[in-house]
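Have a look at the structure below, then the notes.
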Amino acid sequence: MRPRARPAGLERAGVGLPVVARRPAPRDPNAPRAGYHLPATLVAQPGGTPSRAACCEAALVDPDAVEQVPTAAGTLPVAMDLYAPLRVTKATGVRPLDGIANLVRPGRFTREPRIVFLQPFDAQKTPLVLVHGLLSTPGIWKPLVTQLLADPRIRDCCQLWFFYNPTGQPVPLSALQLREALNDVVARTGLTRKMLLIGHSMGGILSRAQVSRFSPKVAEQVLPGVLALSDYSRVRRALVFEPRTDVSRVVFLFVPHRGSRLAANGFGALAIRLIRLPDTLLNEAEYAIEQLAGLERRRLPTSIHGLSPRSPFLRALSAATPTVPVHSIIGNRGRGDGSAGSDGVVPVRSARVAGAASELVVPTGHGGFDHPAAVAELKRIILLDVAKQEATDGLTAAPVVEPDAAKPAAF
């Protein structure tokens, strides 16, 4: 496989030596385990005092914040390398095979599902929460992250967060874990800016659940008898929930809102047989099932069940109207026209959302969220959201105009 070319904007020629600065963060529960890896540049500046001349003084600067420095030859640009920290960071640096392990053995997932920050928290920046899909880890986002960070407008206004969780669990439970992980971050940081959720594949389903309402009546239709469970039951809390008020909008990347046939075919059946859910979850589910009157004793649904077109949870969620603007970026490999197309995993018709603020069909496969057209659309949505938040907060008097909004494709 050819190495990907670095997008323009990550590097700048100039004076100084670009290095990677590591900041340990032992008390930060949202920091990467190895601490933060940040861009820095070692520069030499004129120093000394009138009474004691000195050649120069060394300084370590943030090249994204300090673009120029005075030198004996005048003011010169500071060298910058934003790509090097991304190569070594553990925020997206989990092992490639961890995605498979987290699917088939979710009980062995280390620590709790959590939000991981790419850089230290900044109260002035809008969080972009990236939620990965089935068989994935935050490492899947690195190609997209490099392109987002190459845009100085995104760097100035946004911070990148990743949700990391095992993907073999039932979809409603994973959505609950995302909800709780976001609650923990908001409570710890005192976040005041609204978040923008970006979900790929199953991650889009988890994201949609954050801005949807499941009333007790809907939950009872999904799982008859669930209201008989305690309010503390994870099963009940995963099926009865209110939409978040701290999310501004959601971007869906190649999301199977009405399921994928792969989840119901031979591949899905094989994956279901391989998945071994943790004993704590199985015991709680068995206890819950025993309490539910008239409910057959059966195996706890996995994430594969949850992505089937026959999934009661998925059907109910796709019928719920999101409470914030949503945007769809859909893949079509070109092997079918219009709504008959597919990204190889998700049919176009399954990826569409009625009432979406924008929709863009991109000629790529299921993992093509870093396609140039998809990235350009994602940047447009991000900058639109930030501009509207700032206008709402009274931080700018400029009118908000939606530039080049993607329109739903005509099939």
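Things to note:
- Scanning segment 209-238 for residues that are under 21 Å from residue 324 (Cβ atoms), in a helix (DSSP H, G or I) and open to solvent by 10 Å² or more (accessible area, probe 1.4 Å) turns up just one, 218.
- Residues in segment 156-197 that are among the charged types (D, E, K, R) and surrounded by fewer than 19 Cβ atoms within 10 Å (Cβ to Cβ): 156, 179, 180, 184, 188.
- Among the conditions (1) open to solvent by 10 Å² or more (accessible area, probe 1.4 Å); (2) within 20 Å of residue 320 (Cβ to Cβ); (3) touching a strand residue (DSSP E or B) at 6+ places or on another chain (Cβ under 7 Å), the only one that residue 258 does not satisfy is (3).
- Out of 143, 172, one residue alone is in contact with an Asp or Glu (Cβ under 7 Å, 6 or more places away or on another chain), in a helix (DSSP H, G or I) and not charged (D, E, K, R). It is 143.
Residue-wise test of (1) of a type in the set (S, T, N, Q); (2) in a strand (DSSP E or B); (3) modelled with pLDDT of 90 or more; (4) open to solvent by less than 20 Å² (accessible area, probe 1.4 Å).
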site: 317; (1), (2), (3), (4): no, no, yes, yes
site: 329; (1), (2), (3), (4): no, yes, yes, yes
site: 335; (1), (2), (3), (4): no, no, no, no
site: 354; (1), (2), (3), (4): no, no, yes, no
site: 359; (1), (2), (3), (4): no, yes, yes, yes
site: 364; (1), (2), (3), (4): yes, no, yes, no
site: 374; (1), (2), (3), (4): no, no, yes, yes
site: 384; (1), (2), (3), (4): no, no, yes, yes
site: 396; (1), (2), (3), (4): yes, no, no, no
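The values are calculated or read from the model by the stated rules, or taken from the named source; none is laboratory data. Since the model is a prediction, treat every value here as computed from it, not as a measurement. As a convention, Cβ positions derive from the backbone with ideal geometry for all residues, glycine included, and neighbour counts pool all protein chains shown. Ligands, DNA and RNA are stripped out before the accessible areas are found, and what is left, the full protein with its side chains, is counted by its heavy atoms. Shrake-Rupley method; radii C 1.70, N 1.55, O 1.52, S 1.80 Å.
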